[in-house]
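One structure is given here, and the rest of the page talks about it.
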Amino acid sequence: MQFLAIILILTLAVGCKQGEREDDKKGGDSNSPVFEMRMVDNSLSPDSEQMILSLKGKDGNPTQKTIIVQKTTVLDVTDVETTSVWARGDIVGIDITLTAVARKRFDEFTRQNIGRHVAIVINGRLQDEETIKSEISLGEFDVRSDWTPKEARLIAKEIKQTSKRRNK
């Protein structure tokens, strides 16, 4: 039963159309971390990669934006303490709360990088790009996408389960 749940989660994650890397067009990378936050770069280098962010245009039609993302992570699934899902109208998100150690590191990181952009990568796919507007000292933030509530719950559960396994 647990094996089927994992297959369902992976199938759902691969099937989501929020964002895709060029190599995902060939089936994706099953070894991709469940959750990562990385810095956005201005130019391509050996330490970065191009990723595609799928968005809804003002007219409601899908559009894509190419983002250059550093390969080094700022946060990953081992930094996550808890997750929860919320919905406001058509917008669905996942609240992420960091561990105490990650909270301190993230506080310093956000203080030093106000005005810069970060990328949220889930299961190897670019989900969101955000500007750091202020210091985040509480260690809590959310990730929004055009997920259904069910998709968001599965992703949040996968992040939480992977985090618990890796933090043991």
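The values are calculated or read from the model by the stated rules, or taken from the named source; none is laboratory data. These numbers were taken from a predicted model, which means no experiment stands behind them. Positions of Cβ are backbone-derived with ideal geometry, glycine not excepted, and every protein chain shown enters the neighbour counts.
Please list, ordered by residue number, the strands (runs of 3 or more DSSP E) wholly in region 1-80 having 3 or more residues that are in contact with a strand residue (DSSP E or B) (Cβ under 8 Å, 6 or more places away or on another chain) and at pLDDT 85 or above. Break it down into steps so the answer makes sense when it comes.
Working: elements: 19-21, 35-41, 48-56, 62-76.
Answer list for region 1-80: 35-41, 48-56, 62-76.
Just name the residue that is surrounded by the most Cβ atoms within 10 Å (Cβ to Cβ) out of those in region 54-76 that are under 23 Å from Thr162 (Cβ atoms) and of a type in the set (A, V, I, L, M).
Step one: filter region 54-76 for residues under 23 Å from Thr162 (Cβ atoms), giving 69-76.
Pick out the ones that are also of a type in the set (A, V, I, L, M) and you get 69, 74-75.
Numbers: Val69: 24, Val74: 18, Leu75: 22.
In this case the residue turns out to be Val69.
For region 134-167, how many residues are in a loop (DSSP other than H, G, I, E, B), of a type in the set (Asp, Glu) and under 17 Å from Ala102 (Cα atoms)?
At the first step, the residues of region 134-167 found to be in a loop (DSSP other than H, G, I, E, B) are 134-139, 146-148, 167.
Among the residues that remain, those that are also of a type in the set (Asp, Glu) are: 135, 146.
Those still in the list that are under 17 Å from Ala102 (Cα atoms) too: 135.
Qualifying residue count, region 134-167: 1.
Within region 77-119, how many residues turn out to be crowded, with 21+ Cβ neighbours inside 10 Å, among the β-branched types (Val, Ile, Thr) and under 16 Å from Ser163 (Cα atoms)?
Selection size over region 77-119: 5.
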